[in-house]
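Here's the structure, in structure tokens; my notes come after.
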Amino acid sequence: MTECASCGAEIHFRDKFCSTCGEFTNVGLPFAVQLGNAVGDAGRELGKITELVAAYVRDEANRRQVIIGAFAALLLLVGLTDNPISNGISGLIRDNPATPQFTEDGLPDFASYEDNFLGEDTGFIVTGKANVRDYPTSEGTEVVRTLQEGETITAREVQAFDPESAWYKLSDGGYIWGGNIDRYDEIPTGGGPLFPANL
């Protein structure tokens, strides 16, 4: 049960009008009127909030806090979202070239590829027959030579076209998939596991 806004009589919350004075309840009003009332109520509440904020900002000590807070929020917005400003800043301070690009067909763009090294030269042992390719991907590349199980190499990790895949550039040229090699200090006694070599 609730009260009629007009006369105060008790009415059921589902009633469309008051049986005492005949005034429409919120349920009985047309949707447009209900919507208008809701917008009006929201506008009045927003006006109150605006007045409170304006009164708060009029105080000089508070104004400084608001300016600092707004500046911090703007910095967060620029830093955490993908926008031309943050992209431009990150491009200026980035040490390494951009990630490998793809053509409109979704194929690796070898013409614009530059090595983006992710580590230092490290000694590896080949764990199975492994193809050395002309770019760090198996898609659309050529095999330039093949390494045999047990050969040792020096290589450095590069950013591959597929970010989920580890590729290494050999010190004497060419690229090898990380699944075909193990670091010297990671080889267990008795030999390491053999990985697929057909990449």
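Just a few scattered comments:
- With 0.36 nm allotted per residue and the present C-alpha distance subtracted, the Val78-Tyr56 stretch has 5.3 nm of extension available.
- Length-normalised contact order of the stretch 136-176 in % [C-alpha pairs under 8 Å, at least 6 apart]: 40
- Proximal lysines relative to Lys129, as straight alpha-carbon distance under 26 Å, when same-chain residues fewer than 8 apart are discounted: Lys169
- For Val158, residues with placed amide H under 5 Å, excluding near neighbours: Leu118, Trp167, Tyr168, Lys169
- Placing a label point 7 Å from the Cα of Ile67 along the Cα-to-Cβ direction, the residues of the stretch 28-53 with a backbone N closer than 19 Å are 53.
- Theoretical gain in end-to-end length, Ser171 to Arg156 [0.36 nm per residue, Cα-Cα removed]: 4.6 nm
Every number here is computed from the coordinates shown, using simple stated rules; none is lab data. Source: prediction; values computed, not measured. Heads up, the Cβs are rebuilt from the backbone with ideal geometry, glycines too, and the neighbour counts pull from every protein chain shown.
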